[in-house]
Amino acid sequence: MIGGALGAGIGIGYFTYLVEDTKLPEKKQLQRDLGEMTQTSQLTYNDNSQIATIRSDLLRTNVSFDEISPLITTAIIATEDEHFYEHNGIVPKAVIRALASEVTGFGSSGGSTLTQQLVKQQILSNETTFSRKANEILLATEVETSFTKEEIITMYLNVSPFGRNNRGQNIAGVQEAALGIFGVNASEVNLPQAAFIAGLPQSPIVYSPYSNTGEIKEAEYLAYGLERKDFVLFSMYRNHDITKEEYEEALAYDLAADFIEPQAIEQEDQNFLYYAIMGEAASIVAQKLAEDNKLSEEEFAKEDVQAQYLERANQLLANGGYTVQSTIDKTIYNAMQNAVANYGSYLDNWAGATIEVGNVLMENKTGRILGFIGGRDYDKNSYNHAFSSKRQAGSAIKPVLVYAPAIDQGLVGSETRVSDFPTTWQNGEDAGTPILNATNAGSKTFETVREAIVRSDNIPAHHLYQHTLENMGTPDAVYQQYLKKMNFPETPVWQYAAAPLGVTEITTLEQTNGFQTLANGGVYEEGYLIESITDSEGNVYYQHEAAPVQVFSKAAASITIDLLRSVITDAFTTDVKYQMSNLDWNLGNADWVGKTGTTDENVDSWLVLSTPEITLSSWSGREDSKPSDSYGGARTANYMAHLANAIYQAKPEVIGTNKKFNLDSSVIKANVATFTGVKPGGTMTVNNTTFNTPTETTTSYWAKNGPADLSFRFGIGGTDANYADYWKKVIPKPKPKPTTPKKETEDEKKTDEKEEDKKEEKEADDEKKDDTETEKEND
């Protein structure tokens, strides 16, 4: 007795500890959570105009207790909770058994009442921690206090999943089960039908007679549900709910003949916008539900647990009367959809395959996604290339991966020289093979940082990235200090020597956010689609809160932006600014900056553009990732010019044509030698020749440190032989030594005179021939 009392005391104390932070909901909230109150939810644009009502993937129709056959309620209670009318939400023996199982690890922790099952599936989750079980018990007793047994069983039968109907749709509630399986109302079922329906909640998909296409399952799989029906009938007979005669008659009944024939589902008009917003909203709600249940990040990260919370989130959004306000601007979004419909074909090439596209328009200062394009045609390809598709980043990644970090570390200025001499990969499978630029294997010179990014050359980018990693000390330093803060994917690929060539796979949204950071003074604002979620009474359930992260210094960001302006104005890799000017001069005159990117064999084509107000990105390529041709960049420029123009014509102010990027006041403007990119002046000795270095200077922009003093190895990358070759261009050539004229002899003079006479005679003969030829022609 003492031991038992001690154990009970410990158990009660442990239970109290587990539920001490649980806030019991009011009856009205319980009604909403348990599903008695179903209200339509909606998605809206940023101006609150409606995008769509939220469609529930779980087809459900509420009915009252009187509209449910007593056969169904009796069958459910007999099978799931035979003491339903006797307990107060829990069965003490089952609770003790669950506690013992949790502590010892032996036995079963099952035995939940119908009330507990209702709480678990509608408010909590299916995780097996005792903390969750304790909260389930507490809430179950609260439900029993707030509602009658009739109300509880009605809620359970209205919200529980019952598998699929004859259209392959997921169904919940006995009314949809009766209609979708037998073609009758829940009040009209016979005993075998009621038993079959009552058996479904334990494993709805397994016991359902229909597949996800609405076809009746093969006999082998159909047998599971029919055997479960027989178990329910036996439970009813055992509980004396039916007579032996009724039991045997029901067993002999050919229930399979009652399953209604499959029927085609009516397709609903949903699109990229609907599913993108719904997906983001469901993720937010699932996260909040997990936080409310005090679930750890590690537990929530488990795939099965997360799936349960997402399912619950989708149910809440579909039936809870919520309003999900997006960041999408209706005018801009529609203009972008019209643009891809009218000009998307500009991306196609001679091969005949459709070139897919993903575009994102983001507001730099906030991260708001004002519009996007998920693909060419949702009905033909519903894969979202703006948010879901991951493709190799190409050279478009260089600004945030290579140039901005090197500038931010004070390793280079805008006019620092970087080797573009031919070089090879040093490690891996490609060791010894040449590193190639887009058009050559190296220009055999030292390019400025500005020239390298304008030409998008790979050799300088490789040298600069390796130089940055060496100075920062670890192979993943650039990712950890910069890219991770912008939520780029964590992968060892960032440490590869080929990383600057853009081999890492990222989404169009992630690429956009990198440029947003540079255009926003180095401050990352995570791109987002959901502004707020409010409940049916207007209370704020979720509100986006800005979480700015200073990734690059203002100086480094503004210098990188200045370099990216040269990419667009110099038009070496893209003439998009010229194309935009042809469509609208004011549009082309905006302060556009940007970067192109192309992957091996022209599989992917990137173009990301920014003004001080917005960032507009584009990825395009074949869905099957097969090679394209070298004109993809030109086609992308043409398409992007028309897309930008469509946005500008729809809402001119969003582009910010009257705004200009400026260098931050902290930028160091250093006078450097044009030839070397370091401090001007001084002499240099090369191959035993000492000479004055070139005196021409230019301004180089630095985030910190400033240019170095003159030295033989003045740049980044390259070998001693490369530097010696480069210096040859300015090493003065030695002057020829003067020679004494040689005096001619008399014989030499006579010989020269004879040669002169012969020359004169030949010229006279030639003139006569010319006259003769002219006369013949005249004749």
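The values are calculated or read from the model by the stated rules, or taken from the named source; none is laboratory data. These numbers were taken from a predicted model, which means no experiment stands behind them. Every residue, glycine among them, receives a Cβ derived from its backbone with ideal geometry; neighbour counts consider all protein chains shown.
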Of the listed residues (Ala301, Ala290), the one being more than 30 Å from Asn185 (Cα to Cα) and surrounded by fewer than 18 Cβ atoms within 10 Å (Cβ to Cβ) is Ala301
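Based on this model, can you work out whether Thr331 counts as touching a strand residue (DSSP E or B) at 6+ places or on another chain (Cβ under 6 Å) and not aromatic (Phe, Trp, Tyr)? Talk me through it step by step, then tell me what you get.
Numbers: touching a strand residue (DSSP E or B) at 6+ places or on another chain (Cβ under 6 Å): no; not aromatic (Phe, Trp, Tyr): yes.
Judged against the criteria, Thr331 is not a match.
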Out of (1) in contact with a strand residue (DSSP E or B) (Cβ under 9 Å, 6 or more places away or on another chain); (2) surrounded by fewer than 21 Cβ atoms within 10 Å (Cβ to Cβ); (3) at negative phi, the odd one out for Ser326 is which? (2)
Which members of region 351-367 meet the condition of being surrounded by fewer than 22 Cβ atoms within 10 Å (Cβ to Cβ) and either among the hydroxyl-bearing types (Ser, Thr, Tyr) or modelled with pLDDT of 95 or more (or both)? Thr354, Glu363, Lys365, Thr366
Scope region 483-505; condition closer than 18 Å to Gly597 by Cβ and outside any loop (DSSP other than H, G, I, E, B); matching residues: Leu483, Met486, Val493, Trp494, Ala499, Pro500, Leu501, Glu505
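Considering only residues that are among the small types (Gly, Ala, Ser) and surrounded by fewer than 21 Cβ atoms within 10 Å (Cβ to Cβ), look in region 405-450 and name the one that is nearest to Val678 (Cα to Cα). Give the derivation first.
Our first condition is that a residue be among the small types (Gly, Ala, Ser); within region 405-450, this holds for 406, 410, 413-414, 419, 428, 431-432, 438, 441-443.
When the remaining residues are screened for being surrounded by fewer than 21 Cβ atoms within 10 Å (Cβ to Cβ), the result is 410, 428, 431-432, 438, 441-443.
Numbers: Gly410: 13, Gly428: 34, Ala431: 32, Gly432: 31, Ala438: 28, Ala441: 26, Gly442: 22, Ser443: 21 Å.
Within region 405-450, the match that is nearest to Val678 (Cα to Cα) is Gly410.
Taking region 134-181 as the search range and keeping residues that are of a type in the set (Phe, Trp, Tyr) and under 39 Å from the mean Cα position of the chain (by Cα), which one is modelled with the highest pLDDT? Step through it out loud before you land on a result.
Initial filter on region 134-181 (of a type in the set (Phe, Trp, Tyr)): 147, 156, 162.
This time we only want the ones that are under 39 Å from the mean Cα position of the chain (by Cα), so: 156, 162.
Details: Tyr156: 91, Phe162: 94.
Applying the filter and picking the extreme gives Phe162.
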Working only within region 651-696, note down all residues that are among the hydroxyl-bearing types (Ser, Thr, Tyr) and either touching a His at 6+ places or on another chain (Cβ under 7 Å) or closer than 30 Å to Asn589 by Cα (or both). Thr657, Ser665, Ser666, Thr674
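Filter region 538-570 down to residues that are touching a helix residue (DSSP H, G or I) at 6+ places or on another chain (Cβ under 7 Å), aliphatic (A, V, I, L, M) and surrounded by 15 or more Cβ atoms within 10 Å (Cβ to Cβ), then give me how many there are. If you could, list the steps in order and put the result at the bottom.
From region 538-570, those touching a helix residue (DSSP H, G or I) at 6+ places or on another chain (Cβ under 7 Å) are 542, 549, 551-553, 556-557, 559-561, 563-564, 566-570; that's our starting set.
Keeping just the survivors that are aliphatic (A, V, I, L, M) gives 549, 551, 556-557, 559, 561, 563-564, 567-568.
Next, from what is left, pick out any that are surrounded by 15 or more Cβ atoms within 10 Å (Cβ to Cβ): 551, 556-557, 559, 561, 563-564, 567-568.
The number of residues fulfilling the criteria is 9.
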What pairs can you find where one residue is in region 183-196 and within 15 Å of Glu245 (Cβ to Cβ) and touching a residue at least 24 places away in the same chain (Cβ under 8 Å), the other is acidic (Asp, Glu) and buried (at least 16 other Cβ atoms within 10 Å of the Cβ), and their Cβ atoms are less than 8 Å apart, with a gap of 6+ or different chains? Pro192/Asp258
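A quick yes/no check of all residues on (1) more than 24 Å from Ile668 (Cα to Cα); (2) hydrophobic (A, V, I, L, M, F, W, C):
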position: Arg565; (1), (2): no, no
position: Met580; (1), (2): yes, yes
position: Trp592; (1), (2): no, yes
position: Val603; (1), (2): yes, yes
position: Asp629; (1), (2): yes, no
position: Arg635; (1), (2): yes, no
position: Gln649; (1), (2): yes, no
Complete set of residues in region 617-673 that are more than 27 Å from the chain's Cα centre (by Cα), more than 30 Å from Ala708 (Cα to Cα) and either part of a loop (DSSP other than H, G, I, E, B) or of a type in the set (A, V, I, L, M, F, W, C) (or both): Thr657, Asn658, Lys659, Lys660
Could you please find all residues in region 435-459 being under 10 Å from Arg417 (Cα atoms) and either more than 29 Å from the chain's Cα centre (by Cα) or in a loop (DSSP other than H, G, I, E, B) (or both)? Thr445, Phe446, Glu447, Thr448, Val449, Arg450, Glu451
Would you point out which residue out of Gly352, Gly371, Gly344 is within 17 Å of the chain's Cα centre (by Cα) and either farther than 18 Å from Ile277 by Cα or of a type outside the set (Val, Ile, Thr) (or both)? Gly371
Mind counting the residues in region 396-452 that are under 20 Å from Thr719 (Cα atoms) and hydrophobic (A, V, I, L, M, F, W, C)? 12
Between a first residue in region 322-337 that is closer than 21 Å to Gly538 by Cβ and a second residue that is part of a helix (DSSP H, G or I), which pairs have beta carbons less than 6 Å apart while being 6 or more apart in sequence or on different chains? Val324/Ala281; Ser326/Ile277
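Report yes if some residue within region 261-271 is in contact (Cβ under 8 Å) with a residue 24 or more places away in the chain and touching a helix residue (DSSP H, G or I) at 6+ places or on another chain (Cβ under 8 Å); otherwise report no.
Initial filter on region 261-271 (in contact (Cβ under 8 Å) with a residue 24 or more places away in the chain): 261-265, 268, 270-271.
Narrowing further to those that are touching a helix residue (DSSP H, G or I) at 6+ places or on another chain (Cβ under 8 Å): none.
No: zero hits.
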Checklist (1) part of a loop (DSSP other than H, G, I, E, B); (2) within 16 Å of Leu483 (Cα to Cα) applied to Glu537, failing item: (2)
Would you mention how many residues in region 226-242 are in a loop (DSSP other than H, G, I, E, B), surrounded by fewer than 17 Cβ atoms within 10 Å (Cβ to Cβ) and out of contact with any Asp or Glu (no Cβ under 9 Å at 6 or more places or on another chain)? 1
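Looking only at region 545-584, which residues are free of Cβ contacts under 8 Å to residues at least 40 places away in the same chain and of a type outside the set (Asp, Glu)? Break it down stepwise before answering.
Start the filter on region 545-584 by keeping residues that are free of Cβ contacts under 8 Å to residues at least 40 places away in the same chain, which leaves 545, 547-548, 550, 569, 571, 577-578, 581.
If the condition is that a residue be free of Cβ contacts under 8 Å to residues at least 40 places away in the same chain and of a type outside the set (Asp, Glu), then Ala547, Pro548, Gln550, Thr569, Ala571, Lys577, Tyr578, Ser581 are the ones that fit.
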